[in-house]
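A quick write-up on the structure given underneath.
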Amino acid sequence: MTDIERAERMGRARAAIMTLAAIVLAINVVIEYGDSEYASAGPRGGSWIVLIGLWTLILWNGGGLRPRGRIRALLNDELSLQNRARALALGFYAAILLALACYLANWRQPIATGDALKIVTAGAISAALLRYAWLEWRLR
Amino acid sequence: MPEGLANRLRELRTERELTQAALAELVGVSRKTINTVENGVFVPSTTLALKLARALGCAVEAIFSLTQD
């Protein structure tokens, strides 16, 4: 198998994993909504920080933590970098819109700070991950 | 009037009997990148355009040209 084929395969796997991660993050927010245990100072609350931090890092560096050299360069070539920039831009807009939605919803019914922050972070990261995965699948 | 970017990459590549993967290998990008450049979906950087021209043995202007929409 050539480096090109190997990078292509890894790129497809990365897109699939990102899609799955976005779905899991969104489901997490729905399931944990209103349960203060999941947003409190402790293992459960802390795991959210790790989860969001990890996916932010992966979105930032392309997820190529393991492969080095040529494969990594192929995985993160010009097109992938552009896709990632577009995905991050969408994530930013999603964060702003979700923050506004939480702000408005809070007028009718108070939302706990932890829940609101989880909605914003998960929504932004999920939107960016889905956008990136979709661009990588579509443009192949 | 707005101007677009046309390219003859597919034509020049097939003239040289290169596959997308072979050209990708020569310039150090993914096959997907070559495919999207050929389809006009992705506009490459100057660096990549110069690498493509070098790999195909022609001038950049032979691959890319401006068109009026």
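The values are calculated or read from the model by the stated rules, or taken from the named source; none is laboratory data. If you're wondering where the values come from, they're calculated on a predicted model, not measured in any experiment. Glycine gets a Cβ as well: all are built from the backbone with ideal geometry, and neighbour counts include every protein chain shown.
Being away from chain B (no Cβ under 14 Å), surrounded by fewer than 17 Cβ atoms within 10 Å (Cβ to Cβ) and among the aromatic types (Phe, Trp, Tyr) is the requirement here; does A:TRP55 meet it?
Against the criterion (away from chain B (no Cβ under 14 Å), surrounded by fewer than 17 Cβ atoms within 10 Å (Cβ to Cβ) and among the aromatic types (Phe, Trp, Tyr)), A:TRP55 does not qualify.
Could you tell me how many of the residues in segment A:14-33 are loosely packed, with under 12 Cβ neighbours inside 10 Å and either within 14 Å of chain B (Cβ to nearest Cβ) or more than 22 Å from the chain's Cα centre (by Cα) (or both)?
Going through segment A:14-33 one residue at a time, the tally reaches 0.
Would you say B:THR67 is in contact with an Asp or Glu (Cβ under 9 Å, 6 or more places away or on another chain), among the β-branched types (Val, Ile, Thr) and farther than 23 Å from A:THR2 by Cα?
Taking the combined requirement at face value, the residue satisfies it.
Every residue, every condition in (1) out of contact with any Lys or Arg (no Cβ under 6 Å at 6 or more places or on another chain); (2) of a type in the set (S, T, N, Q); (3) farther than 24 Å from A:ARG138 by Cβ; (4) at the interface with another protein chain (Cβ under 9 Å from one of its Cβ atoms), yes or no:
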residue: B:LEU9; (1), (2), (3), (4): yes, no, no, no
residue: B:LEU18; (1), (2), (3), (4): yes, no, yes, no
residue: B:ALA24; (1), (2), (3), (4): no, no, no, yes
residue: B:VAL29; (1), (2), (3), (4): yes, no, no, yes
residue: B:THR47; (1), (2), (3), (4): yes, yes, yes, yes
residue: B:GLY57; (1), (2), (3), (4): yes, no, yes, no
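Would you confirm whether any residue within segment A:62-69 is surrounded by fewer than 12 Cβ atoms within 10 Å (Cβ to Cβ), modelled with pLDDT of 90 or more and aliphatic (A, V, I, L, M)?
No, segment A:62-69 contains no residue that is surrounded by fewer than 12 Cβ atoms within 10 Å (Cβ to Cβ), modelled with pLDDT of 90 or more and aliphatic (A, V, I, L, M).
Given the residues A:ARG108, A:ARG72, which is the only one that is out of contact with any helix residue (DSSP H, G or I) (no Cβ under 8 Å at 6 or more places or on another chain), among the basic types (Lys, Arg) and within 14 Å of chain B (Cβ to nearest Cβ)? Talk me through it step by step, then tell me what you get.
Values: A:ARG108 fails: within 14 Å of chain B (Cβ to nearest Cβ).
Testing whether each residue is out of contact with any helix residue (DSSP H, G or I) (no Cβ under 8 Å at 6 or more places or on another chain), among the basic types (Lys, Arg) and within 14 Å of chain B (Cβ to nearest Cβ) leaves just A:ARG72.
With (1) exposed (fewer than 15 other Cβ atoms within 10 Å of the Cβ); (2) within 14 Å of chain A (Cβ to nearest Cβ) as the list, and B:SER65 as the residue in question, which single condition is left unmet?
(2)
Which one of these does A:VAL120 not meet: (1) out of contact with any Cys (no Cβ under 7 Å at 6 or more places or on another chain); (2) touching a residue at least 24 places away in the same chain (Cβ under 8 Å); (3) crowded, with 16+ Cβ neighbours inside 10 Å?
Going through the list (1) out of contact with any Cys (no Cβ under 7 Å at 6 or more places or on another chain); (2) touching a residue at least 24 places away in the same chain (Cβ under 8 Å); (3) crowded, with 16+ Cβ neighbours inside 10 Å, A:VAL120 breaks only (1).
Checking A:MET18 against (1) closer than 30 Å to A:GLN109 by Cβ; (2) at pLDDT 85 or above; (3) hydrophobic (A, V, I, L, M, F, W, C); (4) in contact with a helix residue (DSSP H, G or I) (Cβ under 6 Å, 6 or more places away or on another chain), which test does it fail?
In the conditions (1) closer than 30 Å to A:GLN109 by Cβ; (2) at pLDDT 85 or above; (3) hydrophobic (A, V, I, L, M, F, W, C); (4) in contact with a helix residue (DSSP H, G or I) (Cβ under 6 Å, 6 or more places away or on another chain), A:MET18 misses (1) alone.
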